[in-house]
1. Considering only the stretch 81-98, state which residues are open to solvent by 70 Å² or more (accessible area, probe 1.4 Å) and outside any strand (DSSP E or B).
2. Which of the residues that make up the stretch 99-111 are closer than 30 Å to ARG169 by Cα and either over 23 Å from the mean Cα position of the chain (by Cα) or surrounded by 13 or more Cβ atoms within 10 Å (Cβ to Cβ) (or both)?
3. Would you check which residues across the stretch 11-21 are open to solvent by less than 80 Å² (accessible area, probe 1.4 Å) and over 19 Å from ASN99 (Cβ atoms) and list them?
4. Could you tell me which numbered condition PRO154 fails, if it satisfies all but one of (1) touching a Pro at 6+ places or on another chain (Cβ under 8 Å); (2) free of Cβ contacts under 8 Å to residues at least 12 places away in the same chain?
5. Looking at LEU132, LEU118, which one is among the aliphatic types (A, V, I, L, M), open to solvent by 70 Å² or more (accessible area, probe 1.4 Å) and farther than 30 Å from GLN62 by Cα?
6. If you go through the stretch 140-196 one residue at a time, how many are crowded, with 18+ Cβ neighbours inside 10 Å, at pLDDT below 80 and within 19 Å of the chain's Cα centre (by Cα)?
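The values are calculated or read from the model by the stated rules, or taken from the named source; none is laboratory data. All values derive from a computational prediction rather than experimental measurement. A quick note on method: Cβ atoms are made from the backbone with ideal geometry, for glycine too, and the neighbour counts reach across all protein chains shown. Note: accessible area is taken over every heavy atom of the protein model, side chains too, but ligands, DNA and RNA are not part of it. Shrake-Rupley method; radii C 1.70, N 1.55, O 1.52, S 1.80 Å.
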Amino acid sequence: MIYINDLPERVSSSNVRLFADDTAVYLSLTSASESKLLQQDLTELEKWESAWDMSFNPSKCQVVHISKRKTPIDTCYLLHNTKLDSVTSAKYLGVTISNDLTWNTHIDNITKKANQTLGFLRRNIKVHSEPLKSTAYKTLVRPQLEYSSTVWSPHTESSISQIESIQRRAARWVKPETAKDVGPSVMTGKFRSGPIRNSKTSVLLTGKIFCQNDNDFFLRSFFTSRCQFHERYRRIP
């Protein structure tokens, strides 16, 4: 942290976000000529790393062009005279950000990883113990589906079904005899992940973003009451 704390001061035009050893530099462009400003900032960062006896690794740096234009602005950027790879999606702080600003790629990634983990548990836990299996799922699988879910919470039927399919699979594994009688859809309530369980955290986060005050008691009380009302409204048949 001592090394990188002054990094944003060397950047004049772009925005910088720091978290531990992860750094994101971004700039909104309206024309191809403005890309020179971002390239100038990258050049300044080369000077900064030289002053601190550090070195960026261009092979670990990626460029994501986020645009809704049919013909996006064609730009390329250099770091140490090496052209940075342009990709359609990149992982930042554990969340995959796509160039179309949808979360389909991120949901594909986490559901694939969660399915692999669940498959590993099914192959290696031979003891038929509901508490053991339930704890294993909630400890190793569900956190993969819940991480940063307030940011990417699914809103399309296909994405919701994609996540719920893992929950149904886990329900059959934990309670195989019950699943045959009542069906997995009835028993997935206790296995539901954060994006599906409720919207309380999402509403609270929205309030914090708008009000920029995490310690406001009245703000927290207001949004909590709104969430409780929303949950009661959803239960009305």
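1. ASN81, THR88
2. Filtering the stretch 99-111 for residues closer than 30 Å to ARG169 by Cα gives 101-111.
Residues satisfying the conditions are THR102, TRP103, ASN104, THR105, HIS106, ILE107, ASP108, ASN109, ILE110, THR111.
3. Going residue by residue through the stretch 11-21, those that are open to solvent by less than 80 Å² (accessible area, probe 1.4 Å) are 11, 13-16, 18, 20.
Of everything in the stretch 11-21, those that are open to solvent by less than 80 Å² (accessible area, probe 1.4 Å) and over 19 Å from ASN99 (Cβ atoms) turn out to be VAL11, SER13, VAL16, LEU18, ALA20.
4. Exception for PRO154: condition (2).
5. Of LEU132, LEU118, the one residue that is among the aliphatic types (A, V, I, L, M), open to solvent by 70 Å² or more (accessible area, probe 1.4 Å) and farther than 30 Å from GLN62 by Cα is LEU132.
6. Total meeting the criteria: 4.
Residue-wise test of (1) of a type outside the set (Phe, Trp, Tyr); (2) open to solvent by 80 Å² or more (accessible area, probe 1.4 Å); (3) touching a residue at least 24 places away in the same chain (Cβ under 8 Å).
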position: LEU38; (1), (2), (3): yes, no, yes
position: GLN62; (1), (2), (3): yes, yes, yes
position: SER67; (1), (2), (3): yes, no, yes
position: PRO72; (1), (2), (3): yes, no, no
